[in-house]
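The values are calculated or read from the model by the stated rules, or taken from the named source; none is laboratory data. Given the structure is predicted, the values throughout are model-derived calculations rather than measurements. Here the Cβ positions follow ideal geometry from the backbone for every residue, glycine too, while neighbour counts run over all protein chains shown.
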Amino acid sequence: MAKTKFRYNPETLSYEKVDRSIGERVLRGIIFIAPTLVLSIVFGFFIAYRLDSPKEKKLKAEILEMRQIVKEYEGRMQVVEKVADAIKQRDESLYRTALGAKEFPEELRMMGVGGSDRYAHLKGMSNSDILISTAKKLDDVERKLHAQSLSFKELVKLAKERELRLASLPAIQPVNNKELRRMASGYGWRVDPVYGTRKMHWGLDFTSDVGTEIYSTGDGVVEKVEHNSWGYGREIVINHGFGYKTRYAHLSSFLVKEGDKVKRGDLIALMGSSGKSTGPHLHYEVEKDGHKVNPINYFHSDLSPDQYEKIVEISKNALKSMD
């Protein structure tokens, strides 16, 4: 029960009962509870912003965990980037040197993967700094790997061409001549056996019996199979590509026809003495870019260094050709 209030009246020299209006009562009530209300609001804000709810604690723990995972991935990307740099170094200093390739254009290696605003969608996000840093490293690794894939594509093409070129080179002797006793005349100026005059001998002469097997000295396509009563007699010309052709002359019979594809070591003909020939032998020529060259410079696949030196010496000693 509310207490009754009295006020002393000096005029009547007595205490008079004080009657407060409703407004005064409400005002006094507000003044009484205002501090408590203010303290409650302050405390409520403190609880809301300083103390995390269980859900907020869980979210913060997940964010921290994800940040640690992103950092771990960032470290792994650095390893990948180092590997990519090592591959690039090997590409430039080894693979391209071995294949005789030109240096890979640096502008392709530095080719960008996006505009300046590429990472705008990550700004303002929680942990945006680490997300942007990781995205940039990913793009950098992607750029390097893309450039390296272009380089490797070029090198694979060159390697295939090199493999084809090596297989096409006329790199073996056209007859079985391991003992090197069948070389009768070499490339160079020789005495013509028929006319007795000095003339250029554009190939090598290998002697043996009629019917001795003749082999293709490199991969190619049979370009000509021809029979003349004089000159080369029965002859075969093989186009090996890359500017190389070989001629096999004075044959007794053909075992291939024009348009046939042949591999190095394939049997193509038999030795004879047709055309302008003084005895059974094979006249063998090599042509490079339309010019006849010394065939002996190409016998590198079936002779040891000592055998090669020996056959070079034999080819120089002959003074007379056989055709």
- Message: Considering only residues that are surrounded by 15 or more Cβ atoms within 10 Å (Cβ to Cβ) and without any contact (Cβ under 8 Å) to a residue 60 or more places away in the chain, which ones fall in region 256-266?
- Response: VAL256, ASP260, VAL262, ASP266
- Message: Looking at SER168 and the list (1) touching a residue at least 12 places away in the same chain (Cβ under 8 Å); (2) of a type in the set (Ser, Thr, Tyr); (3) over 27 Å from GLU213 (Cα atoms), which single condition is not satisfied?
- Response: (3)
- Pairing a residue in region 67-91 that is within 18 Å of GLU106 (Cβ to Cβ) with any residue that is of a type in the set (Gly, Ala, Ser) and surrounded by 14 or more Cβ atoms within 10 Å (Cβ to Cβ), where Cβ atoms lie under 9 Å and the two sit 6 or more apart in sequence or on different chains, gives LYS88/ALA147; LYS88/SER151; ASP91/SER151
- Would you please name the residue that is nearest to GLN148 (Cα to Cα), looking only at residues in region 38-80 that are at pLDDT below 75 and among the polar types (S, T, N, Q)? SER53
- Message: Please go through region 92-109 and give me each residue that is assigned to a helix (DSSP H, G or I), touching a residue at least 40 places away in the same chain (Cβ under 8 Å) and over 16 Å from SER149 (Cβ atoms), ordered by number.
- Response: LEU99
- ARG90 vs (1) surrounded by 12 or more Cβ atoms within 10 Å (Cβ to Cβ); (2) out of contact with any helix residue (DSSP H, G or I) (no Cβ under 8 Å at 6 or more places or on another chain); (3) not acidic (Asp, Glu): all pass except (1)
- Message: Just the residues that are over 38 Å from the mean Cα position of the chain (by Cα) and in a strand (DSSP E or B), please, taken from region 253-266.
- Response: SER253, PHE254
- Query: Looking only at residues in region 277-310 that are surrounded by fewer than 20 Cβ atoms within 10 Å (Cβ to Cβ) and closer than 14 Å to GLY188 by Cβ, which one is nearest to the chain's Cα centre (by Cα)?
  - Reply: ASN297
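Taking the criterion of being in contact with a Ser or Thr (Cβ under 6 Å, 6 or more places away or on another chain), at pLDDT 75 or above and either closer than 30 Å to LEU166 by Cα or of a type in the set (Lys, Arg) (or both), would at least one residue in region 91-102 satisfy it? Spell out how you get there, then give the answer.
Applying the first criterion (in contact with a Ser or Thr (Cβ under 6 Å, 6 or more places away or on another chain)) to region 91-102 yields 91.
From the residues that got through so far, the ones that are at pLDDT 75 or above too are 91.
From what is left, the residues that are either closer than 30 Å to LEU166 by Cα or of a type in the set (Lys, Arg) (or both) are 91.
There is at least one residue in region 91-102 that is in contact with a Ser or Thr (Cβ under 6 Å, 6 or more places away or on another chain), at pLDDT 75 or above and either closer than 30 Å to LEU166 by Cα or of a type in the set (Lys, Arg) (or both).
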